[in-house]
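Some notes on the structure that comes next.
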Protein chains: 2
Amino acid sequence: MTGLALPPQATQVGLAVDIAAFAMHGGELNVLLVQRGQLPHARDWALPGGFVQPGEELHEAALRELRTETTVQLEPRHLEQFYTFGEVGRDPRGRIVSVAHLAVLPHGTVSVSGGGHTLEAEWLSAHRPPRLAFDHQAILTRALLRLQLRLEYANLALEFLPDTFTLPELQGVYEAILDRQLDKRNFRKRLLAQSILTPSGERRSGVGRPAQLYRRAKNVRVAAL
Amino acid sequence: MTGLALPPQATQVGLAVDIAAFAMHGGELNVLLVQRGQLPHARDWALPGGFVQPGEELHEAALRELRTETTVQLEPRHLEQFYTFGEVGRDPRGRIVSVAHLAVLPHGTVSVSGGGHTLEAEWLSAHRPPRLAFDHQAILTRALLRLQLRLEYANLALEFLPDTFTLPELQGVYEAILDRQLDKRNFRKRLLAQSILTPSGERRSGVGRPAQLYRRAKNVRVAAL
DNA sequence: TCAAAAGTGTTCGTCGTACACCCATGT
DNA sequence: ACATGGGTGTACGACGAACACTTTTGA
């Protein structure tokens, strides 16, 4: 670091992050929402988020807000910035620019509750959410688009599931994210052809015929960008 | 707007925009670079950019910086934000977060020269640029990736050309952006099948056989996101 | 034996890719 | 006539979409 100073024309704005955190619950794609405890928009639902602190990286701020505004314990399996919302009038408190992030939380991330400045935190339907504060509906819509894009040519669906899972479960994740039904035979053919799955040898019992369990093949990573 | 104030924990950071502006010159994809006139990185090449002003939208700031740092007259045919660079140490002057934009300038945007705080502005090779200041090489690389993505399923290539153009010229734009050769027959088949082009009836003479001129079909718009 | 969920193959259309020769003009 | 760049068609493989019945288990 040199001793150079910020030039005077450097506009100072509030820098925030908002997080659209997704997880699967009961076959539905859910998004993590908090109920605001402060003005503006007190008692309205909103995406978790908050101001970036000095010296804090953007993704660190996103992780911190997830942990302090909700009681999510597990680390996100995936976290990426996807768009920056900076429209002048988007926040009544002044010029606040928000770098929006998309997070995928692993299976088992169930119990959440409010913390910090929030009254409550809940997993709610991502495709049919309640009315949201600020421009958070626009942020959520864009997050869903990005998630659907990623599904196709990264393998983000695996991040929603535990280590071992069945093909019908994986298909359920795809269907919940795309919000439409898929053909079972085509889905299996396509997924198995990618050879990103290895059968674990075990089977999962329940009602009906037991399903083969799979796990992520070695050397398979989530694609970037 | 209400009288609500920014909460005290709202970190103030410098908010900037940087622009990767592309155009075709002599069959090569060029990017608009400026030579810095100030520290840090004085005399180094950099992407045009600067601080967002109070009450100014992000895309307005990008347009303003293009106009003041260079003498580009024409309006960009396409302008989109593509990533926000906010790493703590990316600028020695302090915490500066930059919303990076991708711009496409139309054909005929040739003469540029420095203005404002820049010594010089030039169109230089986008795929083989000189050494760049700050993290601008990373920004440029990401801009190129985004441009290549857009090429496929928006029709951004048309924005690089004048109203009427020949198919070999359009193919040249594709090849310059993708930085590889394409097959002439396959290219024509694919483009004509999209029915986004209509023959203008005229032909362009020169050396060799005259080429059919095309123009963008009515009702064809550049796709969003 | 029945209900419930898992598993399996084929056909067809579309799309990308590889590949070589003739055509129209200016000099 | 020749050099220069424009224009054309076919064959093949890969991939996505549509579509119905059999298998395995627990109750």
Looking at chain B, what % of its DSSP beta bridges pair antiparallel, to the nearest 5? 75
In the protein assembly as shown the accessible area split gives carbon plus sulfur, as whole percent at 1.4 Å, a share of 51
Mind grabbing the interface size between B and A? I mean buried accessible area, both sides, 1.4 Å probe, in Å² to the nearest hundred. 3600
Under a Cβ-only charge scheme (Lys and Arg +1, Asp and Glu -1), can you give me the dipole magnitude of the protein assembly as shown about the Cα centre, in debye to the nearest 20? 1840
Residue by residue through segment A:163-171, the couplings from Karplus 6.51 cos²θ - 1.76 cosθ + 1.60 with θ = phi - 60°, in Hz, x for Gly and Pro, are 4, 10, 7, 9, 5, x, 5, 5, 4
If only Cα atoms are counted, what is the Rg of chain A, and what is its Dmax, in Å? 19.7, 70
quick note, the protein assembly as shown, DSSP beta bridge pairs, % antiparallel (nearest 5) is 75
For segment B:144-157, just list the computed ³J(HN,Hα) in residue order, Karplus coefficients 6.51, -1.76 and 1.60, θ = phi - 60°, integers in Hz, with x standing in for Gly and Pro. 5, 4, 5, 4, 5, 4, 4, 3, 5, 10, 9, 10, 4, 4
For residue B:42, inter-copy label distances in nm, listed shortest first [label point 7 Å out on the Cα-Cβ vector]: 5.4
Rolling a 1.4 angstrom probe over the protein chains, ignoring ligands and nucleic acids, what is the accessible area of residue A:44 in square angstrom, nearest 10? 60
With a cut-off of at most 11 other beta carbons within 10 Å, and DSSP calling the residue loop, which trypsin sites (Lys or Arg not before Pro) in segment B:91-143 qualify? Please list them. B:131
Plugging the Kirkwood radius over Cα pairs into Stokes-Einstein for the protein assembly as shown, at a temperature of 25 °C and a viscosity of 0.890 mPa s, what D comes out in µm²/s? 100
For segment B:78-93 and segment B:40-58, write down the distance between their C-alpha centroids in whole Å. 10
If I build a Gaussian network model for chain B, linking alpha-carbon pairs within less than 10 angstrom, which residue out of B:194, B:53, B:212 has the largest mean-square fluctuation? B:194
Helix B:58-69: inclination vs chain B longest Cα principal axis, degrees, rounded to 10, gives 80
Please check: in the Gaussian network model of chain B (C-alpha springs, under 10 Å), which one of B:205, B:195, B:113 has the largest mean-square fluctuation. B:205
Other copies of residue A:195: label-to-label distances in nm, shortest first, labels 7 Å along the beta-carbon direction: 4.1
Exposed-loop-free span, longest in chain B, where GluC sites (Glu not before Pro) count as exposed if DSSP calls them loop and at most 16 other C-beta atoms lie within 10 Å: B:88-225
Could you give the accessible area per residue of segment B:156-216, probe 1.4 Å, as a whole number in Å²? 58
Could you give me D for segment B:156-216, from Stokes-Einstein at 25 °C and 0.890 mPa s, where the hydrodynamic radius is the Kirkwood radius over C-alpha pairs? Units µm² s⁻¹, please. 204
Taking amide H positions as placed 1.01 Å from N in the peptide plane, with prolines and chain starts having none, which residues 5 or more places from residue B:155, or on another chain, fall under 5 Å of its amide H? B:223
Heavy-atom surface of segment A:14-147, accessible at 1.4 Å and reported per residue (Å²): 38
So if we plug the beta-carbon distance of residue B:53 and residue B:182 into 1/(1 + (r/R0)^6) with R0 = 56 Å, what FRET efficiency do we get, rounded to 0.05? 0.85
Below 27 Å, Cα to Cα, which lysines can residue B:189 reach? Residues fewer than 8 away in the same chain don't count. B:218
Using label points projected 7 Å from each Cα along Cα→Cβ, tell me how many nm separate residue A:122 and residue A:212, to one decimal. 4.1
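The values are calculated or read from the model by the stated rules, or taken from the named source; none is laboratory data. Given the structure is predicted, the values throughout are model-derived calculations rather than measurements. Every residue, glycine among them, receives a Cβ derived from its backbone with ideal geometry; neighbour counts consider all protein chains shown. Remember, those area values only see protein heavy atoms, side chains included, never the ligands or the DNA or RNA. Shrake-Rupley method; radii C 1.70, N 1.55, O 1.52, S 1.80 Å.
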